[in-house]
Amino acid sequence: MKKILTLFAIVGLVAFTSCEGPEGPPGPPGYDGESANKVFEIFNKDFGFNEDDGFNISGTFNPRIADASTVLVYRLIGTIDANTPIWQLIPRTIYLTNNRELDYDFDFSKVDFKIYARANYDLETTPEYLDNQTFRIIILPASFTSKSVSKTDYSDYNAVIKKYNIDDSNVQKLN
């Protein structure tokens, strides 16, 4: 009797698993796997000014970034030589003479970003902090950052590129 029940169970299992119904509707579009780790660059851009946001640079991500991704923004602060840029993670406060402070900060969504420059003085008196600015934006998927957040020195651009195996030799330019 056990052999007959086992035989019916196997036949039933095969019959039910081999059934196929009509194909369902297509799912929502996914994200391009190539855009999972991405480096964008804003090159020699001047901060614009508006009454609502003050001095800022804004743009869009194309393609948009995935939910729960981490965005890191670095400002080019100089170079050691023609092939060695010096990147500084923002947000950052720069302390100048006479108790003047300049802050760089940013915000982002899945589709866009905005980089801000704010100060406790008239920023137009120091155009070197507003004009011809270059930024690198790194997008890290949540699956990467959840694994080893505490072990990565995010202030070191080159350490981040190495840690997450990001190829920054072909940086996508943003306007």
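On full extension of the chain, what length is gained from residue 95 through residue 120, given 0.36 nm per residue of separation minus the C-alpha to C-alpha distance?
8.0 nm
Note down the relative contact order for the stretch 44-174 as a percent, whole number, built from C-alpha pairs under 8 angstrom at least six residues apart.
Relative contact order for the stretch 44-174 comes out at 29 percent.
Got a sec? How would 101, 41 order by Cβ neighbour count within 10 Å, fewest to most? Mind showing how you got there, number by number?
On the way: 101 12, 41 16.
Ascending Cβ contact count within 10 Å gives the list 101, 41.
Taking neighbour Cβ counts within 10 Å as the exposure measure, how do 173, 110 sort from fewest upward?
173, 110
Decide, for the stretch 98-143, between rounded, prolate and oblate: order the square roots of the alpha carbon gyration tensor eigenvalues as a ≥ b ≥ c, take rounded if a/c falls under 1.5, and otherwise choose prolate if a/b is larger than b/c, else oblate.
prolate
Find how much the distance from residue 79 to residue 132 grows on full extension, using 0.36 nm per residue of separation minus their present alpha carbon separation; answer in nm with one decimal.
Separation in residues times 0.36 nm, less the Cα-Cα distance, equals 17.6 nm.
Rule-based calculations on the coordinates, nothing more; no lab input. As the structure is a prediction and not an experimental result, all values here were calculated from the model. Reconstructed Cβ throughout: ideal geometry from the backbone, glycine too, with neighbour counts over all protein chains shown.
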